[in-house]
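Data block below; observations after.
The values are calculated or read from the model by the stated rules, or taken from the named source; none is laboratory data. Bear in mind that the values here come from a model prediction, so they are computed numbers and not experimental data. We place every Cβ from the backbone using ideal geometry, glycine too, and count neighbours over all the protein chains shown. To get the accessible areas, we keep the full protein, side chains included, count just its heavy atoms, and leave off ligands, DNA and RNA. Shrake-Rupley method; radii C 1.70, N 1.55, O 1.52, S 1.80 Å.
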Amino acid sequence: MLDVRRLEVLTAALREGSIAGAARVLAITPSAASQALSALETQAGATLVERLPRGIRPTAAGERLAAHGEAVLTMLARAESELSGRTRNLRVAAFPTAVLGLLPSVLIALRVSAPDLHLQIQELEPEEGRAALRAGDVDIALVNHHAVLAPDVRGPWRVVHLLDEPVLAALPLGHRLASKPSVQVEALREDPWVMQKAASPCQDLVQRVCGSSGFAPTVVASCGDYRSILALVGAGLGVSLVPQMALAGLDLSSLALVPVRPAVHRRVNALVSSRPGVQPAARPLLELLTAS
């Protein structure tokens with residue numbers, strides 16, 4: 001029978017992209033992690049990873065075994081929690097539109113799939129969430145950024161990609177382009193703009209998109225949430241770009257929401273602390289988030 005602890009090393013190594021990364025997450029030495037992986041390959045009778053100059057790459061057999069290993073480790077963690085009668089606590093930072101548009105359905109499903117897992121949620125902007133994760137104040141931070149960027153590749157966390165959500169043009173109903181099937185961002189260069197507040201990742205996204213279309217937007221209002229932004233757009237004050245998740249639960253009757261060309265996406269990731277014990281506790285939540 002395959003050794004469970006060696007399976008844990010394999011799954012961690014593939015998540016982290018290296019044996020050293022697995023050792024860091026599991027709080028063991030790189031030598032011990034390498035030995036465990038070699039022993040697992042002997043047990044399995046197959047090469048599970050290709051060792052590269054920088055990191056590792058899974059073989060087909062390694063990918064299959066890691067998928068089974070993740071399922072086994074998740075079930076064992078749940079069984080251990082049920083037998084001990086303990087509850088597991090997970091501290092999650094989430095940006096406002098994720099709290100509104102992503103977490104509610106996940107929380108409902110989590111009560112069924114992992115009733116022993118208790119979440120403590122803080123609504124924090126992405127940069128605040130990163131800071132809280134670095135300080136050890138949260139275990140997971142949900143963050144967002146323009147899909148063409150990669151600001152989180154280096155940090156004391158594992159990056160889990162959740163989704164790339166479309167960003168739409170929000171226009172007043174009477175706007176000249178409101179009835180079009182799609183709109184080029186460049187066609188909005190003469191319009192006044194309503195945006196998120198300065199230094200937010202969403203304003204950064206809009207500024208970058210407009211800049212790549214050859215203009216700097218004329219900002220007539222900056223707001224702290226999308227409810228306010230869409231209310232002002234609906235009143236005819238200006239136009240905006242809005243991620244799809246921000247539309248949850250809002251009255252959109254005074255707006256036209258039009259896809260933009262070229263397509264723009266906002267990337268949503270989960271940053272998972274590398275501290276011991278966080279990865280197993282986070283598995284049920286991450287499974288639901290990635291399936292959303």
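Any residue at all in the stretch 248-270 that's over 22 Å from residue 186 (Cβ atoms) and among the basic types (Lys, Arg)?
yes
Could you check the stretch 136-150 and list, in sequence order, the residues that are open to solvent by less than 70 Å² (accessible area, probe 1.4 Å) and either closer than 13 Å to residue 99 by Cα or of a type outside the set (D, E, K, R) (or both)?
Those that are open to solvent by less than 70 Å² (accessible area, probe 1.4 Å) and either closer than 13 Å to residue 99 by Cα or of a type outside the set (D, E, K, R) (or both): 136, 138, 140, 141, 142, 143, 144, 145, 146, 147, 149, 150.
When residues of the stretch 173-190 are filtered for being surrounded by fewer than 19 Cβ atoms within 10 Å (Cβ to Cβ) and not in a helix (DSSP H, G or I), how many remain?
Selection size over the stretch 173-190: 12.
Scanning the stretch 250-292 for residues that are closer than 22 Å to residue 125 by Cα and part of a helix (DSSP H, G or I), which turns out modelled with the lowest pLDDT?
278
Which condition number does residue 233 fail, the rest of (1) outside any strand (DSSP E or B); (2) at pLDDT 95 or above; (3) open to solvent by 40 Å² or more (accessible area, probe 1.4 Å) being met?
(3)
Is there a residue being farther than 21 Å from residue 153 by Cα, more than 27 Å from the chain's Cα centre (by Cα) and among the aliphatic types (A, V, I, L, M) anywhere in the stretch 5-12?
No: the stretch 5-12 contains no residue that is farther than 21 Å from residue 153 by Cα, more than 27 Å from the chain's Cα centre (by Cα) and among the aliphatic types (A, V, I, L, M).
Return a yes/no flag: does the stretch 205-219 have any residue that is assigned to a strand (DSSP E or B) and either more than 22 Å from residue 127 (Cα to Cα) or open to solvent by less than 60 Å² (accessible area, probe 1.4 Å) (or both). Step through it out loud before you land on a result.
Going through the stretch 205-219, the residues assigned to a strand (DSSP E or B) turn out to be 218-219.
Checking which are either more than 22 Å from residue 127 (Cα to Cα) or open to solvent by less than 60 Å² (accessible area, probe 1.4 Å) (or both) leaves us with 218-219.
The answer is yes; a qualifying residue exists.
Table: residues versus (1) of a type in the set (Lys, Arg); (2) surrounded by 16 or more Cβ atoms within 10 Å (Cβ to Cβ); (3) in contact (Cβ under 8 Å) with a residue 12 or more places away in the chain.
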residue: 4; (1), (2), (3): no, no, yes
residue: 9; (1), (2), (3): no, yes, yes
residue: 19; (1), (2), (3): no, yes, yes
residue: 27; (1), (2), (3): no, no, yes
residue: 32; (1), (2), (3): no, no, no
residue: 46; (1), (2), (3): no, no, yes
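Just one of (1) over 30 Å from residue 116 (Cα atoms); (2) touching a helix residue (DSSP H, G or I) at 6+ places or on another chain (Cβ under 8 Å); (3) of a type in the set (Ser, Thr, Tyr) trips up residue 218, so point out which.
For residue 218, the exception is condition (2).
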